[in-house]
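Have a look at the structure below, then the notes.
The values are calculated or read from the model by the stated rules, or taken from the named source; none is laboratory data. All figures in this text were calculated on a predicted structure; none of them were measured in a lab. Note that each Cβ is placed from the backbone with ideal geometry, even for glycine, and that neighbours are counted across all protein chains shown.
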Amino acid sequence: MQAARQFNRKELLKVDEAVKVSEEVVNNFYKMSSGQWLKNRYDIKTAKDLVLHEYVAGPFAQVVKYEGRKKDVPLGSSSFSLYKVCLQDSAILSIVSKTRGLSLEPFLLYILTHELVHVVRFSKFKHRYENRNEADVTLDEERKVHQLTHTILKQVLVPGLSKVFEFYKDWRKEPNA
């Protein structure tokens, strides 16, 4: 599925700022040293840099796992997991434009924090990555990650974040509650 709209330059600056803040708050929450953080190999891409299978209908982002290997090292023992956070520009921009009071900056912060929590959980084996894309992740895992995301961000003072919490409130409820 090809994205209908991509982030413009001004919006990409907001993505970049949200990436910095989300990396900091997730790193602080998990109390990871910079060396440990760098071992969690991931990349964050927007629609203009995604390949066809990295587009997904529904979620605002997904994590796709790849196997990386150091250049010029043919042995499989040198392989590592590389997680690609694939932002779905069109879906994000669409919901922000349709949802009263929802602003792009805090929404991006929530989405990116959420996806980085997935990356940390996959890399620390808190949850196995055995799916082709995040659309297949279990609902229980999604609820857990939404709860963690809320816990991480509730201390962050960002205008508009309370509206994002309201938007995602049902994901923090226990099933059948």
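Some observations on this one:
- Restricting the range 129-177 to residues that are among the basic types (Lys, Arg) and in a loop (DSSP other than H, G, I, E, B) leaves a set whose member that is modelled with the lowest pLDDT is 132.
- One residue alone among 51, 63, 73 is of a type in the set (Val, Ile, Thr) and surrounded by 13 or more Cβ atoms within 10 Å (Cβ to Cβ), and that residue is 63.
- Flag if residue 17 is more than 13 Å from the chain's Cα centre (by Cα) and either of a type in the set (Asp, Glu) or modelled with pLDDT of 95 or more (or both): yes
- Residues in the range 13-61 that are in a strand (DSSP E or B) and closer than 13 Å to residue 116 by Cβ: 42, 43, 44, 61.
- Search result, residues across the range 115-128 that are in contact with an Asp or Glu (Cβ under 9 Å, 6 or more places away or on another chain) and at pLDDT 85 or above: 115, 116, 118, 121
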